[in-house]
Structure formats: structure tokens, C-alpha cells
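Colleague: Mind looking over this structure? Questions follow.
The values are calculated or read from the model by the stated rules, or taken from the named source; none is laboratory data. All figures in this text were calculated on a predicted structure; none of them were measured in a lab. Cβ: placed from backbone, ideal geometry, glycine included. Neighbour counts: every protein chain shown.
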Amino acid sequence: MNVHDSEKVVGTLVSEGYSQVETPEEAALVLYNTCSIRDKAEQKVFHRLQQFKKEHGKGKMFGVLGCVAQQEGEKIFERAPHVNLVAGSASYNKLPQMLVQLEAGNRRVTGLSLDTEDTFDTPFARRDNPHRAYITIIEGCDKSCAYCVVPFTRGPERSRTSESVLNEVRQLAQMGYTEIQLLGQNVNSYRDPSPAGWDFARLLREVGRVDGIRRVRFTTSHPRDFVKEIIDAIDENPALCNHVHLPVQSGSSAVLDRMQRLYTRDEYMRRIEWMKAAKRKISITTDIIVGFPGETEADFEQTLRLLEEVDYDSLFSFKYSRRPNTPALALDDQVPEDEKGRRLTILQELQRSIQVRRNSELVGTVEEAMVEGYNKATGQWIGRTSQNRTLNFTHAVHPNPESGEDFAGKYIAVRVTRAGPNSLAGEAIVE
Ligand code: SAM
Ligand code: SF4
């Protein structure tokens, strides 16, 4: 989502007459987009701001965007006095005006209001990838998970109209994009604000029907709002990728309750059963937090058992990180850092073994890979399957800058010959 926010900011500013440069050295204004989901990400921001100052400080202006900007607000000016602009994502619509203020000589400009009903809906996104396009359909979050800063940094939920989403998809298809990734903190909480009133499953179905679109992905889904119609839609249309990222956070209902996640382990498992009962094999991935306050060894064991029960294809796992303003700060019984580290290692080792087994089951099958590039070092093309696995493969044809021969963006059938924990390898089927 942050990558796409940056694409939208760049496109908006370019349409205002600014030009984008390759390196911070060349820039007169450096805008730094930030994440504050965990403390580590936030620390990196201040470290990087200091580096910017040392390396390129003279005569440049600096702006901090994103969640750290929203969270720290004017305090950023105190910690990093060379910063001139601080703006959270709910204020990006006003960025051009803010830059006008900077150019007029104002040295401290802020955009920190969360009081908006608008989405940052710009026709000018500068997309980096010519084949896969991100589209934000819903911004903000109305949930209040006890550990999470997002409701404080991205504000309340705002959905775009289905018409504006579909128009953008159609335009992208005409421009040659074949893969669309629908984005939202809770993408499936989407609710069309226009009279049509579509829910997420309906929007997904319609996006999948747009001519020229061969793959539609969506992230991130919240289990509470995950309805069976989403699986029915995937089952009906092969253009909807058979991959669902459904963050569970913990396998223990007691921990889920303290996290204020709004579902139990059993309710989560019901959604997994829908996916397993689907006609197409759906790849399931998740997010896990270990060491949430009060997480006992028995709670953690339940998370490990959940991993085995669901048989995830991949997961993102994090040590619980205390975040400003969040309700979990008030909870007693913090898990010590080294214990969080121990649990994280055990969890990741278990998941690795699950992935080795699951990936090896695909050896001998034929998968369709969307080509993302070429790895000169290995002589392999880099592809991605509908289930979102990396599939590196050999082909008699190699990229040729002179003839322009390049498979990037093409869809190629590949026979899987080898499997590792994080990727597959294979050979193109040449007819
Ligand atoms: N909205 C999505 C959901 O509810 O599943 C997740 C969005 S959040 C930006 C991405 C992931 O960061 C979460 O799923 C969670 O695993 C992790 N995360 C969020 N806050 C965290 C915290 N305080 N400490 C550790 N991990 C955290
Ligand atoms: Fe954060 Fe929970 Fe909202 Fe996801 S649903 S963004 S974890 S508050």
C-alpha cells in the first residue's frame, strides 16, 4: 500500500509540473514515505533522515510522508530540524498546495488532519511496473485491534465508488496491464459509497470480468468480514487468483479476544474450510504476531497447531511491538524480548518445513507463470504463479536487448522440476 501511495504522490506532483529524479542527490525536494507498524520501522525513519541530512543536506528540502508523519506530527521538526514538510496519507490530496506553501518560503508545513471523507483518488499514479497495477479501493480502518497504530495513522475507512475503480481498471487494461492488485488495510470491508452499494465480492467479480485482465489479486482481507461469496467468485472466474492472504495473528481464542480481533479460532477455521472446499485449489497465507501481552506457552502451542491445521503456503511473522496510543500498552504481562525471539524462531522453522513439503508436492505439475524478469546470474526467467509462488524457469530463449526479445509480462506454461522452501524452479513448455 505504501509503494502505491508513493506512486500516486509522484504521479500527482508530476502532473503539477514537478519532475521525478533517480537519486536523492539530484533532488531539490526529497519526500520520504514511512511506515510505523512496528517500532523497528519507525526507528529506521529517523536514522535515514539523519543520513539524508549528512549526505545531501545542503540546500535541499525534506518532507516526511506516511504513518510516522501522521503519528509523530510536529515532533518530527524537533527530532529532525532539517525537515520542512510533514504529511499523513489522509492529507495527500492537499500535497500540491502544501508544496506551493514551501515554495513561497514557509519552512514548516504540515498536513495532519484525519478528518476526511475523501480517498486519495488520482488519475495520475506513476506506476513502476508495466504489467501489474495496484489500485487502492478502500483507505483507513474502522477496527481497533489492541496492538495496531493503523486506525490512528490512516484514519477511518473510506471506500472509492465502484464506478471509479472499474474505470481505472478498464483504462489500465487498455494500457496493457494484465494484472490488478486491489488494495486496502481491510480490502474486504469495501462498501461502495455510490447508490449501487456493491460489497467487496461484487466488486471483485466485476473487476475480474474486465476485458484484458488476466489476474486479479487483493490484499489484505480481515477474517471478520470475509464472506463465502468471495470464495464463490474465485471459484467461478480463473482471472481471480487462487490465493487468499487472511491474517490470523494467533491460534488462541483467548489471545484473539485480548487483541480485539473480533473472531475466534473456530470462526477463522470456518473460513479456511470454505477455501479448502473450493473447486480450485486456493493458496492460503497469513500474518502472525508472537509474544502479545499475556501469550502463554499454551497459547503459542495453539498457534503452532493452527499452522499445521491450515497448512499455510507462506506467512509473515512478527514479534509483538508496543505502539503509541494503542490499547495493548495498558495490558500487563509483557512477554520478554528473548522469549518472543525464541517463539518466532520456532514458528518460522515449523513454517519452513510446511513450505518445503507443500512446494515439493508441486514438482511435476504444470503452472502458468507471469514473467516478472530475468536473472542473469542463474540464466532463469523469474515468474509468479496465480497462487503467488515464485517460479524461476529455464527457456531456450534468453532476453536480447538488440532484438528486444523479452518475456516480461508474458504468461508461460512451466513444468515444475524442483522445489525449495520459498520458490519453485522449472522448465518452460515450448510448443
Ligand atoms: N488489516 C490487516 C489485518 O487486520 O489483518 C493487517 C494490516 S497490518 C498493516 C499488517 C500486519 O502487521 C498485521 O497483520 C500484523 O501481523 C502486523 N502488526 C501490526 N501491528 C503490529 C504490532 N504492534 N506488533 C507486531 N506486528 C504488528
Ligand atoms: Fe490494524 Fe486491526 Fe485495522 Fe488490520 S484491522 S489495520 S490489524 S487495526
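Colleague: So which residues in region 328-348 are outside any loop (DSSP other than H, G, I, E, B), away from ligand 1 (no atom under 16 Å from the Cβ) and touching a residue at least 24 places away in the same chain (Cβ under 8 Å)?
Modeller: Result: 346, single match.
Colleague: Another question about this same structure. Can you tell me which residues in region 176-193 are of a type in the set (S, T, N, Q) and outside any loop (DSSP other than H, G, I, E, B)?
Modeller: 181, 188, 189
Colleague: Could you tell me which residue of region 226-257 is farthest from ligand 2 (Cβ to nearest atom), considering only residues that are in contact with a Phe, Trp or Tyr (Cβ under 7 Å, 6 or more places away or on another chain) and closer than 17 Å to residue 303 by Cβ?
Modeller: 255
Colleague: Evaluate region 349-364: report whether one residue or more is in contact with a strand residue (DSSP E or B) (Cβ under 6 Å, 6 or more places away or on another chain) and outside any helix (DSSP H, G or I).
Modeller: Taking every residue of region 349-364 in turn, at least one turns out to be in contact with a strand residue (DSSP E or B) (Cβ under 6 Å, 6 or more places away or on another chain) and outside any helix (DSSP H, G or I).
Colleague: Looking at residue 32, is it in contact with a helix residue (DSSP H, G or I) (Cβ under 9 Å, 6 or more places away or on another chain), modelled with pLDDT of 95 or more and part of a loop (DSSP other than H, G, I, E, B)?
Modeller: no
Colleague: Considering region 99-142 alone, what residues qualify as being within 16 Å of ligand 1 (Cβ to nearest atom), farther than 18 Å from residue 179 by Cα and touching a Gly at 6+ places or on another chain (Cβ under 9 Å)?
Modeller: 138, 139, 140, 141
Colleague: If you don't mind, there's one more thing I want to ask. Residue by residue through region 194-239, note down the ones that are more than 17 Å from residue 166 (Cα to Cα), within 16 Å of ligand 1 (Cβ to nearest atom) and in a helix (DSSP H, G or I).
Modeller: 223, 224, 225, 230
Colleague: Which ones in region 403-427 are part of a strand (DSSP E or B), under 13 Å from residue 370 (Cα atoms) and either of a type in the set (Phe, Trp, Tyr) or in contact with a Ser or Thr (Cβ under 7 Å, 6 or more places away or on another chain) (or both)?
Modeller: Hit for region 403-427 is 411, nothing else.
Colleague: Any idea how many residues of region 211-225 are within 16 Å of ligand 2 (Cβ to nearest atom) and farther than 18 Å from residue 387 by Cβ?
Modeller: Residues flagged as within 16 Å of ligand 2 (Cβ to nearest atom) and farther than 18 Å from residue 387 by Cβ within region 211-225 amount to 4.
Colleague: Still on this structure: Name the one entry in 111, 66 that is under 19 Å from the mean Cα position of the chain (by Cα) and either crowded, with 18+ Cβ neighbours inside 10 Å or among the hydrophobic types (A, V, I, L, M, F, W, C) (or both).
Modeller: On the way: 111 fails: under 19 Å from the mean Cα position of the chain (by Cα).
Just a single option satisfies the conditions, and that option is 66.
Colleague: Considering region 1-26 alone, what residues qualify as being outside any helix (DSSP H, G or I) and either in contact with a helix residue (DSSP H, G or I) (Cβ under 8 Å, 6 or more places away or on another chain) or closer than 30 Å to residue 187 by Cα (or both)?
Modeller: 1, 16, 18, 20
Colleague: Test of understanding: among 303, 286, which residue is touching a His at 6+ places or on another chain (Cβ under 9 Å), in contact (Cβ under 8 Å) with a residue 40 or more places away in the chain and of a type in the set (Val, Ile, Thr)?
Modeller: Of 303, 286, the one residue that is touching a His at 6+ places or on another chain (Cβ under 9 Å), in contact (Cβ under 8 Å) with a residue 40 or more places away in the chain and of a type in the set (Val, Ile, Thr) is 286.
Colleague: Please count how many residues of region 293-329 are more than 16 Å from ligand 2 (Cβ to nearest atom) and not hydroxyl-bearing (Ser, Thr, Tyr).
Modeller: 17
Colleague: Moving on to the next point. Consider residue 49 carefully, then state whether it is at pLDDT 95 or above and under 24 Å from residue 14 (Cα atoms). Break it down stepwise before answering.
Modeller: On the way: at pLDDT 95 or above: no; under 24 Å from residue 14 (Cα atoms): yes.
In short, no.
Colleague: Hand me the list of strands (runs of 3 or more DSSP E) wholly inside region 54-167 holding 2 or more residues that are under 30 Å from residue 328 (Cα atoms) and more than 16 Å from ligand 2 (Cβ to nearest atom).
Modeller: In region 54-167, the matching strands (runs of 3 or more DSSP E) lie at 61-65, 83-87, 109-111.
Colleague: Being within 16 Å of ligand 1 (Cβ to nearest atom) and among the polar types (S, T, N, Q) is true for just one of 242, 325. Which residue is that? So that I can check it myself, show each step before the final result.
Modeller: Details: 242 fails: within 16 Å of ligand 1 (Cβ to nearest atom).
325 is the lone residue from the list that is within 16 Å of ligand 1 (Cβ to nearest atom) and among the polar types (S, T, N, Q).
Colleague: While we're here: Looking at (1) without any contact (Cβ under 8 Å) to a residue 40 or more places away in the chain; (2) within 30 Å of residue 373 (Cα to Cα), can you tell me which one residue 124 breaks?
Modeller: (1)
Colleague: Right, next: Would you check if there is a residue in region 313-327 being farther than 16 Å from residue 426 by Cβ, assigned to a loop (DSSP other than H, G, I, E, B) and in contact with a Gly (Cβ under 8 Å, 6 or more places away or on another chain)?
Modeller: Yes; the residues of region 313-327 include at least one that is farther than 16 Å from residue 426 by Cβ, assigned to a loop (DSSP other than H, G, I, E, B) and in contact with a Gly (Cβ under 8 Å, 6 or more places away or on another chain).
Colleague: Of everything in region 268-321, what is under 26 Å from residue 389 (Cβ atoms), within 16 Å of ligand 1 (Cβ to nearest atom) and of a type in the set (Gly, Ala, Ser)? Give them in sequence order.
Modeller: Once the filter is applied, which keeps residues that are under 26 Å from residue 389 (Cβ atoms), within 16 Å of ligand 1 (Cβ to nearest atom) and of a type in the set (Gly, Ala, Ser), region 268-321 yields 314, 317.
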